[in-house]
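Contents: one structure, followed by commentary.
The values are calculated or read from the model by the stated rules, or taken from the named source; none is laboratory data. Since the model is a prediction, treat every value here as computed from it, not as a measurement. Neighbour counts run over all protein chains shown; Cβ positions are idealised from the backbone, glycine included. The protein model used for the area step is the full one, side chains on, heavy atoms only, and it has no ligands, DNA or RNA in it. Shrake-Rupley method; radii C 1.70, N 1.55, O 1.52, S 1.80 Å.
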Amino acid sequence: MNMLKVGIIGYGYWGPNLASNFFDLPSSDLAAISELKQDRLQRARSLYPGVRLVEDYTELFEMDLDAVVISTPPALHYPIARNCLEHGLNILVEKPMTLNSQHAQELIDLAEMRGLTLMVGHTFEYNSAVAALKQYIQSGELGDIYYIDTARLNLGLFQSDSNVLWDLAPHDISILLYLLGESPESVSAQGLPCVFDKIFDVAFVNLVFPNKIQAHIHVSWLDPCKVRRVTVVGSKKMIVFNDVENEQKIKIYDKGVEVPDYTNGFGEFHCNYRSGDILIPKVRFVEPLRQECQHFLDSITNQTQPCSDGYDGLKVVKILEAAERSMRNGSTQEWIKWERQSIAA
C-alpha cells in the first residue's frame, strides 16, 4: 500500500486528535507537525519522536508532502490553505472552512484549477449514527418531515476572537445539510452576549428548507449541561440522536398525532394521539474522526470528490454569514442565493 506523507499545521485543541489518527492509519505517513507554541511542540515530541517538528509551517513546503491538515484558529484557515494549495498540496481544513464566503470560493477555484483535493472537517458527516439517521429519513419510515431541532450546549469554552455561532453551529448546519440533502432558502437568528459585550455566547438559528421543512439550532457556551442532540419529527415517527450517550445514541419513537375526519361540532373535534414502542437500533460505532481522515486519504489516492468537499464548506459559511447578519439586524429573515448549480445541489 502506498503511504501518503501528511503534515499537521496546528497542534492545539483538535490537532493532537488529527495527528494521532494520521499516525495510526496504515495508508498515512505522519511526516511533520507545525506549531508556534513550544509547550505544544514538546508534547508532540514526546509522542512522535520520529516526526519532524517545526514552528514555521512554510518549512513543510520543502518536505515533499502529499497533503496537509490545517487545524489552526479559524482566522488563519484561509491564508494558510491558500498558501498550501499554491504549493501543490492537498488539504483538509477544519471547520469553519473560512470566515467569509468569498475566501471559501477562492479556495475552491484554486483547488479545482490545480487538480487538488480540498476537504473540510465536518466530522459528523462521518458519524455512523448520523448516517443511520439519514437512512431513516430517506426510507420514509418517519413519514413527512415536519421539523428538525438541534441543541449543542455546554459551559465554555469562551473565545475572544469568535462567537458561539461560528464555533458550534457549523457542526449542526453540516448535519442538517447532510440529513436533508437540500440547502436552506432562508435563515433568521437571535443572539445573546451574556458574559462579554458584543460576543454572542448563546444563539438561536431558524432555517427554512424546501418543502416547508424548518430546522432550529440552539447553541450555547453558557449552559449547565452538556447537550449534543438532534431531534427529527415526522408525521409517522420521531427520532432522537443523542451524541452524549455512550451506546444508545439513536432512539425511534412510534409517536404522533393523527388528524380526525372533519366534524361540524366543536365538541366532537379531537386529535388521535399515538404512543407506541421506543426502538433502539444497534448502530455499529466507528470513530468518526478516523473515518474522516481515511476518507481524506482515499479521496486523494482515488482522485474522487470528498463528501465534505469545498462546496459543502462554502454552504456552511454562507449560512453562518446570513445568520450573523440576521442576529445583528434584529433577527431579520435573510434569503440565501445559491449562485452555482453545484452549490445548490
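Considering only beta bridges that DSSP places wholly inside the chain, some 60 percent are antiparallel. With the charge dipole of the chain set up from +1 on Lys and Arg Cβ and -1 on Asp and Glu Cβ about the Cα centre, the Cα lying farthest toward the positive end among the listed residues GLY115, ILE148, GLN42 is that of ILE148.
For TYR146, the residues whose modelled amide H falls within less than 5 Å of its own, excluding neighbours fewer than 5 places apart on the same chain, are VAL233, GLY234, SER235.
Ignoring ligands, DNA and RNA, please state the percent of accessible area on the chain from carbon and sulfur, probe 1.4 Å. Taking all protein chains in place, the chain shows 50 percent carbon and sulfur surface. Mean-square fluctuations from a GNM of the chain, with a 10 angstrom spring cutoff on Cα atoms, peak among PRO16, PRO193, PRO74 at PRO193. Database remark: amide H of LEU222 closer than 5 angstrom to the amide H of ASN154, GLY156 (H placed geometrically; neighbours at sequence offset of 5 or more, or on other chains; Pro and chain starts carry no H).
With loop membership from DSSP and a limit of 14 other Cβ atoms within 10 Å, the longest segment of the chain without trypsin sites (Lys or Arg not before Pro) is 38-197.
Using the Karplus relation 6.51 cos²θ - 1.76 cosθ + 1.60 with θ = phi - 60°, the per-residue 3J(HN,Hα) values for the stretch 22-29 come to 6, 6, 7, 5, x, 8, 10, 10 Hz, with x marking Gly and Pro. State the answer as a single residue: which of TRP335, VAL259, PRO170 lies farthest towards the positive end of the charge dipole of the chain, with beta carbon charges of +1 for Lys and Arg and -1 for Asp and Glu, about the Cα centre. The Cα lying farthest towards the positive end belongs to VAL259. A simple spin-label model places pseudo-atoms 7 Å from Cα toward Cβ; at MET3 and SER331 they are separated by 5.5 nm. For CYS307, the accessible surface of its heavy atoms amounts to roughly 80 Å² (probe 1.4 Å, protein chains only, rounded to the nearest 10). For the pair LYS255 and ARG284, label points projected 7 Å from Cα toward Cβ lie 3.1 nm apart.
Given their separation in residues at 0.36 nm each and the Cα-Cα distance between them, CYS225 and LEU76 gain 50.5 nm when the chain is fully extended. Which one of ASP197, ASP309, ASP149 has the biggest mean-square fluctuation once the chain is modelled by GNM with Cα springs under 10 Å? So, out of ASP197, ASP309, ASP149, the one fluctuating most is ASP197. Looking at the chain, the accessible area is 49 square angstrom per residue; that uses a 1.4 Å probe and ignores ligands, DNA and RNA. Phi angles of the stretch 183-197 translate, via the Karplus equation with coefficients 6.51, -1.76, 1.60 and θ = phi - 60°, into HN-Hα couplings of 9, x, 7, 8, 9, 9, 8, 10, x, 10, x, 7, 9, 10, 4 Hz per residue; Gly and Pro are given as x. Charge dipole of the chain (Cα centre as origin; +1 on each Lys and Arg Cβ, -1 on each Asp and Glu Cβ, all else neutral): 520 debye, rounded to the nearest 20.
Once fully extended, how much extra length lies between GLN138 and GLU245, figured as 0.36 nm per residue of separation less the alpha-carbon to alpha-carbon distance? In short, 36.1 nm is gained. Of LEU320, LEU47, LEU179, the residue with the greatest mean-square motion in the GNM of the chain, using alpha carbon springs below 10 Å, is LEU47.
May I ask which of LYS37/LYS226; LYS255/LYS282; LYS95/LYS315; LYS134/LYS249; LYS249/LYS282 have a Cα-Cα span longer than 18 Å here?
Beyond 18 Å: LYS37/LYS226; LYS255/LYS282.
A cut-off of 5 Å between modelled amide H atoms, ignoring neighbours fewer than 5 places along the same chain, links ILE8 with ALA32, ILE33, SER34, VAL69. Stretching TYR147 away from SER160 to a fully extended chain increases their span by 1.4 nm, per 0.36 nm per residue minus the current alpha-carbon distance.
When peptides 22-30, 57-65, 184-192 are ranked by their average number of other Cβ atoms within 10 Å per residue, the highest-first order is 184-192, 22-30, 57-65.
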